[in-house]
Structure formats: structure tokens, C-alpha cells
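Q: To start, I am sharing the structure in question, which I have written as C-alpha cells.
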Amino acid sequence: MEDEITIGKAQLTAWADSLIHMNHHGTLVQREIQTGNLERASHLNERARKRAWKMLNELFEYGAEKPEGYCEPEAKA
């Protein structure tokens with residue numbers, strides 16, 4: 001039997017908010033690429049990437065299992 005984890009509504013809402021933001025950033029990235037503004041597209045992409053990475057680490061902290069083949073990022077010196 002799998003372990004059950006209780007996660008509060010506030011945390012679930014925070015994750016939902018993050019997903020909405022990441023989706024919005026993706027839409028904006030596409031628009032900026034279409035208009036040729038690659039610098040802005042890169043900036044928006046980085047914001048979405050950081051938010052996704054933060055959320056992934058929070059999921060691990062709350063007990064999510066790391067997917068098969070997952071490798072920890074190398075520490076920056």
C-alpha cells in the first residue's frame with residue numbers, strides 16, 4: 001500500500017498558481033518568438049524554468065518519488 005501524504009489547500013493552491021504562471025509564460029514566449037524578440041522570449045523562458053524547478057523541488061520535499069533516471073543537478077562551484 002502506498003504512503004498517504006496530506007498536503008494543505010494553501011500548498012496545492014500555490015502549485016496551481018505556479019502552473020498557471022508557467023503556462024502563461026509559455027504563451028508569452030511563443031508570442032515573443034513570433035515577433036522576433038528573442039531576448040524577451042529568453043527572459044520569459046528562464047522565469048518559467050525557475051518556477052518549474054522550484055515546484056519540482058517542493059514536490060520532492062512533500063514526498064513525491066523521483067522519476068526513474070532522474071539525476072540531481074551538479075552543484076555549481
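The values are calculated or read from the model by the stated rules, or taken from the named source; none is laboratory data. Everything quoted here is computed from the prediction, not taken from an experiment. All Cβ positions, even for glycine, are placed from backbone atoms using ideal geometry, and neighbour counts span all protein chains on display. The area values use the complete protein model at the heavy-atom level, side chains included, leaving out ligands, DNA and RNA. Shrake-Rupley method; radii C 1.70, N 1.55, O 1.52, S 1.80 Å.
Q: Residues Ala48, Ala16: which one is within 26 Å of Pro73 (Cβ to Cβ), hydrophobic (A, V, I, L, M, F, W, C) and touching a residue at least 24 places away in the same chain (Cβ under 8 Å)?
A: Details: Ala16 fails: touching a residue at least 24 places away in the same chain (Cβ under 8 Å).
On inspection, the qualifying residue turns out to be Ala48.
Q: Of the residues that make up region 70-77, is at least one in a loop (DSSP other than H, G, I, E, B), out of contact with any Pro (no Cβ under 9 Å at 6 or more places or on another chain), of a type in the set (A, V, I, L, M) and surrounded by fewer than 10 Cβ atoms within 10 Å (Cβ to Cβ)? Let's see the steps before the verdict.
A: Initial filter on region 70-77 (in a loop (DSSP other than H, G, I, E, B)): 70-77.
If we keep only those that are out of contact with any Pro (no Cβ under 9 Å at 6 or more places or on another chain) too, we end up with 70-77.
Next, only the ones that are of a type in the set (A, V, I, L, M) stay: 75, 77.
Add one more test, that the residue is surrounded by fewer than 10 Cβ atoms within 10 Å (Cβ to Cβ), and what stays is 75, 77.
Checking region 70-77: at least one residue is in a loop (DSSP other than H, G, I, E, B), out of contact with any Pro (no Cβ under 9 Å at 6 or more places or on another chain), of a type in the set (A, V, I, L, M) and surrounded by fewer than 10 Cβ atoms within 10 Å (Cβ to Cβ).
Q: Ok, one more. State all residues of region 1-21 that are assigned to a helix (DSSP H, G or I), open to solvent by 50 Å² or more (accessible area, probe 1.4 Å) and either in contact with a helix residue (DSSP H, G or I) (Cβ under 9 Å, 6 or more places away or on another chain) or not small (Gly, Ala, Ser) (or both); if no residue qualifies, say none.
A: Across region 1-21, the qualifying residues are Lys9, Leu12, Thr13, Asp17, Leu19, Ile20, His21.
Q: Could you please find all residues in region 47-69 being open to solvent by 60 Å² or more (accessible area, probe 1.4 Å) and among the acidic types (Asp, Glu)?
A: Glu61, Glu65, Glu68, listed by residue number.
Q: Within region 22-44, which residues are open to solvent by less than 70 Å² (accessible area, probe 1.4 Å), under 21 Å from the mean Cα position of the chain (by Cα) and of a type outside the set (S, T, N, Q)?
A: Met22, His25, Gly26, Leu28, Val29, Glu32, Ala41, Leu44
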